[in-house]
Amino acid sequence: MFRTKSVEQSIADTDDPDSRLRKDLRAVDLVVFGVGVIIGAGIFVLTGTVAATNSGPALALSFLIAALACGLAGLCYAEFASTVPVAGSAYTFSYATMGELVAWIIGWDLVLEFTIGSAALSVSFSGYLQELLAGTPLEVPASLASAEGGWVNLPAVIVALLVMGLLVRGTKFSSRVNQVVVAIKLLVVATVIVVGIAYVDPSNWVPFIPESEPVPDSGGGFLELPLITSLLGIEPAVFGVAGVISGAAIVFFAFIGFDIVATTAEEAENPQRDVPIGILGSLAIVTVLYAAVSLIVTGIQPFDEIDPEDAAPLATAFSAAGVGWMGDLISVGACIGLIVVAMILMLGQSRVAFAMARDGLLPRSLARVHPTYGTPHRITLITGTVIAIIAGFVDLATLANLVNIGTLFAFVLVSIGVVVLRRTRPDLPRSFRTPLAPVVAVLATLLCGYLMLNLTGETWLRFLAWMAIGVVVYFVYGMRHSRLAQRSAAESSESTTP
């Protein structure tokens with residue numbers, strides 16, 4: 001269970017002809033991938049929910065706290081990805097440092113993060129599309145608009161299947177589509193900031209951190225409260241400093257994606273240089289944009305007038321201010337942009353599962369690549385189908401919280417792993433080194449762990465149930481079929497043969 005796969009073996013496996021990925025991506029592709037996946041539902045959807053229910057105008061502080069946690073973890077990711085430029089991200093890193101069982105657990109966790117994340121973005125796309133088509137002949141019928149109020153969320157299912165097809169077609173092709181869409185998203189975000197400044201009423205920012213209030217009676221149970229509240233017996237409340245931190249745990253969803261860059265390291269032309277640039281560069285760009293947009297949203301519309309259930313709060317804020325064309329522009333930009341975010345998260349999931357299959361922890365047939373496109377088409381088709389089903393039948397809030405806890409857990413293990421690999425393999429060449437690695441790793445672990453505790457008890461129960469299923473799958477299948485296990489058994493057999 002604690003056998004490790006050496007960094008050298010991980011890199012050597014990338015040359016297997018049956019499972020070799022094309023090296024098509026450059027630094028600009030990785031930065032654009034990062035920016036493309038990070039700017040998504042977090043800014044277009046969760047801004048309204050968190051401002052109305054947790055942070056108020058201090059939403060900008062929630063974004064900055066979440067960005068700090070991501071930045072600390074991002075430094076650790078950058079060192080790992082430049083040292084071990086292999087598909088699989090935190091799964092591969094953990095395999096090299098903490099052993100097979102931990103690697104399986106983190107891989108199973110990443111399956112949760114990327115699969116549920118892609119489904120969540122597909123649902124977000126559906127919300128903005130419905131906002132755009134409302135009142136037109138193309139309006140989506142209620143029975144096909146959502147899982148809560150109808151039979152199925154049909155637009156979410158369709159977009160998930162669409163991005164699946166794009167990914168089978170090829171990573172470089174997907175990158176080109178992403179570059180065009182990122183340009184559109186950045187233009188929309190810049191327009192929100194520039195136009196929105198004229199409609200900001202500074203009095204809406206007072207008080208910047210609203211006074212703490214008791215939670216509504218309907219939200220006082222263990223399942224609905226942050227876990228830390230239940231563990232420490234704290235009186236449940238919203239807003240105030242605790243609300244800002246709880247808000248950070250939710251808007252953390254807005255930053256997931258920079259670790260996607262690490263999953264594509266094997267497809268980078270110069271991963272030692274390009275991957276750190278992609279991770280840290282994309283994170284820096286979106287942090288500035290998020291803080292600015294959150295101030296605009298809460299400055300245009302008082303936080304207590306924002307509908308937390310609104311699927312398109314940015315568009316609604318401008319419509320309420322009498323700038324209807326901006327609402328339409330945001331809806332169009334969000335629809336286009338969210339498609340690509342769903343695509344890149346699906347890309348991350350397929351690459352993690354590909355790495356696990358190549359190691360034998362999942363059926364090795366899933367690691368075969370397409371003879372023409374050079375993509376892991378089998379696992380991509382399976383992933384896309386599963387995501388489409390989840391997007392069609394599960395609501396956004398549930399999906400977002402599951403993504404957050406899975407991502408934070410991955411960040412904790414990567415932060416620990418950097419220090420472990422420094423001690424066990426100090427000889428490895430590292431083109432990027434995390435500054436003050438032990439301090440950064442400890443801070444990242446503590447901050448990410450604290451944000452996890454601010455997620456609800458219901459989210460924790462679902463997360464633990466998923467991880468328990470993963471442990472069972474490992475002992476039933478992965479432990480016996482692991483390539484390391486088979487190699488070890490072969491060596492043992494040879495050593496006992498006279």
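The values are calculated or read from the model by the stated rules, or taken from the named source; none is laboratory data. Predicted, not measured: the structure shown is a model, and the values here were computed from it. Every residue, glycine among them, receives a Cβ derived from its backbone with ideal geometry; neighbour counts consider all protein chains shown. Each accessible area value is taken on the protein alone, full model and side chains, heavy atoms only, with ligands, DNA and RNA left out. Shrake-Rupley method; radii C 1.70, N 1.55, O 1.52, S 1.80 Å.
Would you rank I469, I65 by solvent-accessible area, highest first, keeping every protein chain in place and using a 1.4 Å probe?
I469, I65
Applying 1/(1 + (r/R0)^6) with R0 = 22 Å to the Cβ-Cβ distance of L144 and I184, what FRET efficiency is obtained, to the nearest 0.05?
The formula returns an efficiency of 0.25 here.
Just the number: Rg to Rh for segment 331-374, Cα atoms, Kirkwood Rh, two decimals.
Rg/Rh: 1.19.
What is the Cα coordinate range of segment 66-176 on the first, second and third principal axes, sorted by size from largest, in whole angstrom?
So the three principal-axis extents are 56, 31, 28 Å.
Of V369, P426, S415, whose Cα points farthest to the positive end of the dipole of segment 336-446 (charges on the beta-carbon: +1 Lys, Arg; -1 Asp, Glu; origin at the Cα centre)?
Looking along the dipole axis, the top candidate is P426.
Tell me, what % of the accessible area of the chain is carbon and sulfur with a 1.4 angstrom probe?
67
With Cα extents along the principal axes in Å in mind, check (1) 101, 65, 54; (2) 63, 57, 46; (3) 84, 51, 41 and report the label derived from this structure.
For Cα extents along the principal axes in Å, the calculated option is (3).
If I stretch the segment between Q272 and E224 completely, what's the gain in nm (0.36 nm per residue apart, minus their alpha carbon distance), one decimal?
Once the chain is fully extended between Q272 and E224, it gains 12.9 nm.
Using only DSSP helix segments of four residues or longer, with each worth -39500 (n - 2.57), what per-residue ellipticity at 222 nm results for the chain after dividing by its residue count and rounding to 500?
Computed ellipticity for the chain at 222 nm equals -22000 deg cm²/dmol.
Working from the pairwise distances between different alpha carbons, so that the mean of 1/r is found and then inverted, what is segment 315-469's Kirkwood radius in Å?
Kirkwood radius, segment 315-469: 19.3 Å.
Estimate the FRET efficiency between R433 and S6 by the formula 1/(1 + (r/R0)^6), using the beta-carbon distance for r and 25 Å for R0, to the nearest 0.05.
0.80
Taking a 1.4 Å probe, which of L399, L381, L138 shows the most accessible area, and what order do the others take after it?
Final ranking, largest accessible area leading: L138, L381, L399.
Angle between the Cα long axis of helix 483-496 and the longest principal axis of the chain, 0 to 90 degrees, nearest 10?
Long axis of 483-496 versus the principal axis of the chain: about 20 degrees.
Taking the Cα atoms only, what angle lies between the long axis of helix 154-169 and the longest principal axis of the chain, rounded to 10 degrees?
Roughly 40 degrees between the two axes.
Please get the size of the charge dipole for the chain, origin at its Cα centre, with Cβ charges of +1 on Lys and Arg and -1 on Asp and Glu, quoted in debye to the nearest 20.
It works out to roughly 1960 debye.
With every protein chain present, what is the per residue accessible area of the chain (1.4 Å probe, Å²)?
That works out to 37 Å² per residue.
Could you state the angle between the C-alpha long axis of helix 171-197 and the longest principal axis of the C-alpha atoms of the chain, as a value from 0 to 90 degrees rounded to the nearest 10?
On a 0 to 90 degree scale, this one is about 30.
Please give me, ordered by residue number, the GluC sites (Glu not before Pro) of segment 226-316 that lie in loop per DSSP and have at most 15 other Cβ atoms within 10 Å.
E269, E309
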